[in-house]
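Just below is one structure, and these are the notes that go with it.
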Amino acid sequence: MDDRLRHNFAEVYPGFTSTQAMDESNRCLFCYDAPCITACPTGINIPSFIKKIATGNLKGSAKVIMDANPVGASCARVCPTVQLCEGACVLNDASEPIAIGMLQRFATDAAIKSGERLFAPGPSNGLKVAVVGSGPAGLSAARELARFGYSVTIYEAKDKPGGLDTYGIVSFRLPQEISLWEAEQVSRMGVEIRTGVRVGVDVQPEQLLEKYNAVVLAVGMGQVPNLGIEGENLEGVYDAIDLIESVKTDAFTGDMDGARVVVIGAGNTAIDAATCSVRLGAGNVKIAYRRTRSEMTAYDFEYSFAKEDGVEFRWLTAPKRIIGDESGKVTHLECVRMELSEAGKDGRPVPVPIEGSEFLMEVDAVIKAIGQTRLLGLIEAFSLDHYKGVVTVDPRTYRTSHPKVYAAGDVIFGHGQGEAMVVSAAQQGKLTAHEIHRQLNRQTAETA
Amino acid sequence: MADLRTDLAGIRSPNPFWLASAPPTNTGYQVQRAFDAGWGGAVWKTLGSLVINTTSRYGGYNIGNQRVAGFNNIELISDRPLEVNLKEIYETKKMFPNHALVVSLMVEPKREAWHEIVKRVEAVGVDGLELNFGCPHGMAERGMGSASGQVPALVEAQTSWVKEAAQTPVIVKLTPNITDITATAVAAVQGGADAISLINTINSLMGVDLDSWNTIPQVAGKGAHGGYCGPAVKPIALSMLAECARHPQVTVPISGIGGVSTWKDAAEFLLMGATGVQVCTAAMHHGFRIVEDMIDGLSNYLDEKGLTSVDELIGKSVSKYTNWGDLDLNYRIVARINTETCINCNKCHIACEDTSHQCIERHMDVEGKPYLKVREDDCVGCNLCSIVCPVDGVISMVEVPPEAQPMTWNERVKALSAVGSGN
Ligand SMILES: Cc1cc2nc3c(=O)[nH]c(=O)nc-3n(C[C@H](O)[C@H](O)[C@H](O)COP(=O)(O)OP(=O)(O)OC[C@H]3O[C@@H](n4cnc5c(N)ncnc54)[C@H](O)[C@@H]3O)c2cc1C
Ligand SMILES: Cc1cc2nc3c(=O)[nH]c(=O)nc-3n(C[C@H](O)[C@H](O)[C@H](O)COP(=O)(O)O)c2cc1C
Ligand code: SF4
């Protein structure tokens, strides 16, 4: 990637200046029993951290945030705040809600800059926990367990920790150094993060179950599934998550300059893939979605962000076939128009093809972004109960069908269970740690 | 983490943050909640002669978006029976043996009256007494509060009466409604006070309602002067603290009061010689929970400064506070504007142009972009531009080499008279 392109991937929104942070933090009413706290899935004491910005106690402010949310710096950037804390701000009814996300970023940026370790590990209790996966759920569970005094080892398949925060969310919304700082905070508490180790391949589940008092499964989800249509293997057809990862790790070797791109899907991933393509120099980027805007799972802020980037939307449009030339390069995408029939089992209207409405689009690249597959192999290697790849847990304790194994984050998301968000993964990781502590404490008390 | 414990004339407290004698310390329920929230000490709402309070009582001074920049009240001392207060004080002290529980007192300026109340209060077990010579309204009209607090001889006499009976440390709380607060501070010390606290509230009338033409606050269409406190009084309190702290005859520790709202205010009071602070308005504005950031912020600040205890902060700025005549007249600073970060609001320009020394010039660069520049030769270094600038760090006041050796006014007068007498 050349420097011009690299520049495109710098963070879109600059952080607050100190003056902005002062003005905005002083605007906060410091409500008592504030609704924003309840609206935050991790329950950050928002008025408290904002008041601390206003008093110039930035370290204290960052600690309030990170105490409740071990990935609070990432969340400051990627949380759908309009739906969460900012949506609950009482000032919505009087003027403008407080820019909580931006203030959260201001405080955590200061902590990143100072480089200080924010939390100390608890005195060792001699118990050991393995965490599989170092995304928001895994990091959060590990951080809490370390504070309780557990010896924690994280097994991470990739070279760097952080999960999708490090590899999956585009750098112009979330630069790598943010999630790497969060992981570093956790490792500086004595948590060992073994990167480049894939559980199920390099280490077997039985080994973990034998060696550790408990195991937290926080492996998220897998790659983008196949569309199940002709031509998916042509050159120029990408998996959105792979594409973003290759760009974020500076390993992208393709050429999008001037390209006509169609992204298939309409969730977080589709938006990130589309805006990523724009920044790679694509000439025209369209998102094709088989339903309409109202069924789209991407958040409003993501939708407007894509629109601002010039991304076009083609609603009620489903792919049928990808066509290539003799050299194996993609040239066209055949689509069919859809219409919505009444709601299906999941409550969403079912799109059905309109017969004879097929049409061709000239394309240089097709990006698949229709969700993520489930890591069935690993889940079954642990012999866990699951429903279509979504690990079954007790919703209160996050315990799986195996008494020693707990699960949190995207690996338990789906079929009406939770939301695939960084902040909910973080909260689940935290609660899982608390539950493990409760269980193991009880066990040790019983044996003693 | 630094050691936040304080010791004011033998009254120990887990941290320097106390609630001042006022509505927040009216009942056992409140003081217990406050200790639970983290306050290190509390001075119980003043006990003494029978009073009846009015409704309404308070007024708030809002400046722009800033609510409660100042606060005033026409409330008197505790209007609950003495026995009830004593019972709750006893219970509270039992529950919180390590917190500082001081009781504020105010009775008629009679020896027997003071002896009696001191004995009754100390009997339930308290850590100290505070004599309220400050309340500016109501009680003063009956010869108590600031009426006796404004007369040094009365302060001295009453303090010594209390000391005759008291077993616990005695703090004398001073009124700011006096020309020179060190006069009453010295009188308290001469009367045997173990510590002084300042300031109580300042005479005030909060406002006039432009529809009804009533005073604010009003009681059945009439108003009376009240006592002013809150953030707006902090500079006044700080200067009175500084005057007492540097006075050679004020030899006792000082509890600082007046406008303390954040850990920063508290740190300033400590630097200026207070051994701890008392807070009323900020708690009334936001609730007891504000003490959490006061403790956290002060502790982080001490860590940052490499200090291991608050004691190391106390009084460190006192020697920097002096008389005008001892300031170096040849010291020079000038304003410098950072054109990179300046937002060109021109507020500094118009302030200097209209009301200071006409030395901030407006220019245009080659690209036609406006910028501001200080004509340093004419700048008197008054700070006005940097005060009105809305963006922190844009205007800095920088030292420039002085044109002559340091010389104060007093030195100048002395030198001139030496030359004069030499002739
Ligand atoms: C493109 C994109 C954009 C998104 N945008 C947002 C957004 O704006 N806001 C938001 O809140 N959420 C967003 N999300 C969702 C969010 O990223 C996830 O919900 C969150 O990261 C889930 O956290 P997790 O810890 O459960 O899993 P992950 O972050 O997926 O982490 C799982 C980790 O486990 C590791 N792992 C997997 N298998 C193994 C194994 N066998 N052995 C060892 N390690 C293994 C993986 O390498 C990975 O590091 C987005 C997701 C995507 C894909
Ligand atoms: C409503 C109200 C009632 C008060 N009553 C008393 C009192 O009974 N005794 C006393 O010594 N001071 C009393 N004060 C003064 C406070 O203790 C304190 O000295 C003053 O408010 C300054 O501190 P602040 O700026 O933190 O409010 C009262 C103040 C207020 C606002
Ligand atoms: S705060 Fe309001 S409700 Fe409470 S006593 Fe005062 S006027 Fe009454």
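A few notes on this one:
Residue-wise test of (1) in contact with a Gly (Cβ under 7 Å, 6 or more places away or on another chain); (2) open to solvent by 50 Å² or more (accessible area, probe 1.4 Å); (3) under 30 Å from residue A:29 (Cα atoms).
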residue: B:68; (1), (2), (3): yes, no, yes
residue: B:75; (1), (2), (3): no, no, yes
residue: B:81; (1), (2), (3): no, yes, no
residue: B:91; (1), (2), (3): yes, yes, no
residue: B:103; (1), (2), (3): no, no, no
residue: B:128; (1), (2), (3): no, no, no
residue: B:141; (1), (2), (3): no, yes, no
residue: B:145; (1), (2), (3): yes, no, no
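- Among the residues of the range B:241-248, at least one is out of contact with any strand residue (DSSP E or B) (no Cβ under 8 Å at 6 or more places or on another chain), open to solvent by less than 30 Å² (accessible area, probe 1.4 Å) and in the same structural domain as residue B:16 (by TED's automatic domain parsing).
- Listed by position, the helices (runs of 4 or more DSSP H) contained in the range B:240-313 that have at least 2 residues being away from ligand 1 (no atom under 16 Å from the Cβ) and without any contact (Cβ under 8 Å) to a residue 12 or more places away in the chain are B:290-304.
- Residue A:92 being within 26 Å of residue B:390 (Cβ to Cβ), open to solvent by 30 Å² or more (accessible area, probe 1.4 Å) and either within 12 Å of chain B (Cβ to nearest Cβ) or part of a helix (DSSP H, G or I) (or both): no
- Search result, residues across the range B:4-26 that are in contact with a helix residue (DSSP H, G or I) (Cβ under 7 Å, 6 or more places away or on another chain) and either of a type in the set (Phe, Trp, Tyr) or open to solvent by 20 Å² or more (accessible area, probe 1.4 Å) (or both): B:17, B:23
- When we screen B:284, B:294 for residues that are surrounded by 24 or more Cβ atoms within 10 Å (Cβ to Cβ), of a type outside the set (Lys, Arg) and within 14 Å of chain A (Cβ to nearest Cβ), the only hit is B:294.
- In the range B:254-281, the residues that are of a type outside the set (A, V, I, L, M), within 9 Å of ligand 2 (Cβ to nearest atom) and buried (at least 24 other Cβ atoms within 10 Å of the Cβ): B:258, B:259, B:278, B:280, B:281
- Any hit, the range A:413-427, residues being closer than 16 Å to residue A:214 by Cβ, assigned by TED's automatic domain parsing to the domain that holds residue A:216 and either open to solvent by less than 70 Å² (accessible area, probe 1.4 Å) or part of a helix (DSSP H, G or I) (or both): no
- Qualifying residue in the range A:106-124 (condition: of a type in the set (A, V, I, L, M, F, W, C) and touching a strand residue (DSSP E or B) at 6+ places or on another chain (Cβ under 6 Å)): no
- Answer from B:151, B:155, B:189 - the residue that is crowded, with 20+ Cβ neighbours inside 10 Å and more than 25 Å from residue B:271 (Cα to Cα): B:155
- Residue B:334 within 28 Å of the chain's Cα centre (by Cα), surrounded by 14 or more Cβ atoms within 10 Å (Cβ to Cβ) and either of a type in the set (Val, Ile, Thr) or farther than 30 Å from residue B:246 by Cβ (or both): no
- Residue A:347 vs. criteria in a loop (DSSP other than H, G, I, E, B), out of contact with any helix residue (DSSP H, G or I) (no Cβ under 8 Å at 6 or more places or on another chain) and open to solvent by less than 60 Å² (accessible area, probe 1.4 Å): yes
- Residues in the range B:13-45 that are within 11 Å of ligand 2 (Cβ to nearest atom), touching an Asp or Glu at 6+ places or on another chain (Cβ under 8 Å) and either within 14 Å of chain A (Cβ to nearest Cβ) or of a type in the set (Val, Ile, Thr) (or both): 1 in all.
- Those residues of the range B:389-401 which are open to solvent by 40 Å² or more (accessible area, probe 1.4 Å) and modelled with pLDDT under 95, in sequence order: B:390, B:392, B:393
- Subset of the range A:34-47 [facing chain B (nearest Cβ under 10 Å) and open to solvent by 20 Å² or more (accessible area, probe 1.4 Å)]: A:45
- Pick from the range B:297-312, criterion more than 8 Å from chain A (Cβ to nearest Cβ) and of a type in the set (S, T, N, Q), ranking: surrounded by the most Cβ atoms within 10 Å (Cβ to Cβ): B:299
- Just one residue in the set A:141, A:73 is assigned by TED's automatic domain parsing to the domain that holds residue A:398 and within 16 Å of ligand 1 (Cβ to nearest atom); that residue is A:141.
- Taking each residue of the range B:66-80 that is in contact (Cβ under 8 Å) with a residue 24 or more places away in the chain and within 14 Å of chain A (Cβ to nearest Cβ) and looking for partners that are open to solvent by 20 Å² or more (accessible area, probe 1.4 Å) and not hydroxyl-bearing (Ser, Thr, Tyr) with beta-carbon atoms closer than 6 Å, six or more apart or interchain, yields B:68/B:60; B:68/B:285; B:69/B:63; B:69/B:231; B:69/B:232.
- Residue list for the range B:47-65, restricted to those being open to solvent by less than 90 Å² (accessible area, probe 1.4 Å) and either more than 26 Å from the chain's Cα centre (by Cα) or more than 14 Å from every other protein chain (Cβ to nearest Cβ) (or both): B:47, B:48, B:49, B:51, B:53, B:54, B:56, B:57, B:58, B:59, B:60
- Failed item in (1) in contact with a helix residue (DSSP H, G or I) (Cβ under 8 Å, 6 or more places away or on another chain); (2) open to solvent by less than 40 Å² (accessible area, probe 1.4 Å), with residue A:19 passing the rest: (1)
- Candidates are the residues of the range B:221-234 that are more than 9 Å from ligand 2 (Cβ to nearest atom) and touching a residue at least 12 places away in the same chain (Cβ under 8 Å); the one that is nearest to the other protein chains (Cβ to nearest Cβ) is B:223.
- Listed by position, the strands (runs of 3 or more DSSP E) enclosed by the range B:90-186 that each have at least 1 residues that are β-branched (Val, Ile, Thr) are B:100-106, B:170-173.
- Tally of residues being modelled with pLDDT of 95 or more, of a type in the set (Val, Ile, Thr) and in a helix (DSSP H, G or I) across the range A:15-45: 2
- Residue A:308 within 30 Å of residue A:81 (Cα to Cα) and among the charged types (D, E, K, R): yes
- Listed conditions (1) assigned to a helix (DSSP H, G or I); (2) without any contact (Cβ under 8 Å) to a residue 60 or more places away in the chain; (3) under 20 Å from residue A:370 (Cβ atoms) are all met by residue A:297, apart from (1).
The values are calculated or read from the model by the stated rules, or taken from the named source; none is laboratory data. Keep in mind that this is a model prediction, so the values were computed, not measured. Cβ coordinates were reconstructed from backbone atoms using ideal geometry, including for glycine residues, and neighbour counts include every protein chain displayed. Areas reflect the complete protein model, heavy atoms only, side chains present, ligands, DNA and RNA absent. Shrake-Rupley method; radii C 1.70, N 1.55, O 1.52, S 1.80 Å.
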